[in-house]
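Trainee: Structure provided below as structure tokens; questions to follow.
The values are calculated or read from the model by the stated rules, or taken from the named source; none is laboratory data. Bear in mind that the values here come from a model prediction, so they are computed numbers and not experimental data. Here the Cβ positions follow ideal geometry from the backbone for every residue, glycine too, while neighbour counts run over all protein chains shown.
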Amino acid sequence: MFDPSGPQSFATTHWSLVLAAGSGESADTRAQSALEELCRTYWYPLYAFARRRGLAANDAQDMTQAFFASIIESNGLSAADPARGRFRSYLLGAMKHFLANEWHRDQAKKRGGGVRIVEWDALDSESRFSSGASSDDPEMAFDREWALEIVAAAMRDLQSEMQRAGKSSQFDVLKGALVGDEGVTRTQMAEQLKTTQDAVKVAVHRLRRRYRALIRSAVAETVGSTSDLDDELRYLVDILRKS
């Protein structure tokens, strides 16, 4: 399980992701990349929120697609203000407002039809929703999926780093230790890697430290201050413990 202790350097580029996406510079590569990253991170938490609000699967897909399309079309992120706190809260509030405007399904299709924000077929969102933890609280469902997406993205980034370093095999053996999966003992890990238990202990420590740093960096991109970051990390851990 993620532990917020460890490296505590606060990213000076906090909210840079959001601000780039709201810059309105559609031709700017950085802004486009930021928008893509936002969609990847938040599409499923918002979909889960819409489903828990009572929308059918197709309607929730249409609404989430339309919500992101409306942000892009109207430069909706320009109103996001780092001084007002967490981007997670800002985006959920924007989604609530969007749904409260009584958009009909045909409007959602029209708004989302011109911009393919998310490839729904590839993501199989409803299967994921059906197999996930149940919660009658839409906001809790959103927060849970946000937390899970943050740690999953950090794990993917860590795996990519290990692959680039030529350590894919080491990552495959040790990754269970990062999330509290003790199905494989340190002795077995050492045998698989043909190394010592002390070397395994050091490698696991380094991977955990890097994993924590990647999670912290991801959260730091969407808060406005160090205190907000610490609060958000504590909340993330609390959500994951309840999952």
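Trainee: Condition check: in contact (Cβ under 8 Å) with a residue 60 or more places away in the chain and touching a Pro at 6+ places or on another chain (Cβ under 6 Å). Does residue 145 satisfy that?
Mentor: Answer is yes for this residue.
Trainee: Going through 166, 183, 132, 113 one at a time, which residue ends up being over 25 Å from the mean Cα position of the chain (by Cα), modelled with pLDDT under 90 and surrounded by fewer than 17 Cβ atoms within 10 Å (Cβ to Cβ)?
Mentor: Being over 25 Å from the mean Cα position of the chain (by Cα), modelled with pLDDT under 90 and surrounded by fewer than 17 Cβ atoms within 10 Å (Cβ to Cβ) holds for just one of 166, 183, 132, 113, which is 183.
Trainee: Taking region 151-178, which residues are aliphatic (A, V, I, L, M) and in contact with a Phe, Trp or Tyr (Cβ under 8 Å, 6 or more places away or on another chain)?
Mentor: 151, 154, 155, 158, 162, 178
Trainee: Next up: Determine which single condition residue 203 fails, assuming it passes every other condition in (1) part of a loop (DSSP other than H, G, I, E, B); (2) modelled with pLDDT of 95 or more; (3) aliphatic (A, V, I, L, M).
Mentor: The single condition residue 203 does not satisfy is (1).
Trainee: With respect to residue 78, determine if the residue is surrounded by 13 or more Cβ atoms within 10 Å (Cβ to Cβ), modelled with pLDDT of 65 or more and under 17 Å from the mean Cα position of the chain (by Cα).
Mentor: Considered against the rule, which asks whether it is surrounded by 13 or more Cβ atoms within 10 Å (Cβ to Cβ), modelled with pLDDT of 65 or more and under 17 Å from the mean Cα position of the chain (by Cα), residue 78 comes out as no.
Trainee: Please verify whether residue 238 is surrounded by fewer than 20 Cβ atoms within 10 Å (Cβ to Cβ), among the acidic types (Asp, Glu) and either in contact (Cβ under 8 Å) with a residue 60 or more places away in the chain or not in a loop (DSSP other than H, G, I, E, B) (or both), treating the condition exactly as stated.
Mentor: Yes, satisfied.
Trainee: All but one of (1) at pLDDT 95 or above; (2) part of a helix (DSSP H, G or I); (3) over 20 Å from residue 236 (Cα atoms); (4) not acidic (Asp, Glu) hold for residue 209, so report the exception by its number.
Mentor: Status for residue 209: all satisfied but (3).
Trainee: Right, something else. Among the residues of region 47-63, which ones are crowded, with 24+ Cβ neighbours inside 10 Å and at pLDDT 90 or above?
Mentor: Result: 47, 48, 49, 50.
Trainee: Something else now. Considering only region 166-197, state which residues are assigned to a helix (DSSP H, G or I) and closer than 17 Å to residue 155 by Cβ.
Mentor: Once the filter is applied, which keeps residues that are assigned to a helix (DSSP H, G or I) and closer than 17 Å to residue 155 by Cβ, region 166-197 yields 168, 169, 170, 171, 172, 173, 174, 175, 176, 177, 178.
Trainee: Among the numbered conditions (1) closer than 30 Å to residue 77 by Cβ; (2) touching a helix residue (DSSP H, G or I) at 6+ places or on another chain (Cβ under 7 Å); (3) buried (at least 16 other Cβ atoms within 10 Å of the Cβ); (4) small (Gly, Ala, Ser), tell me where residue 203 comes up short.
Mentor: (1)
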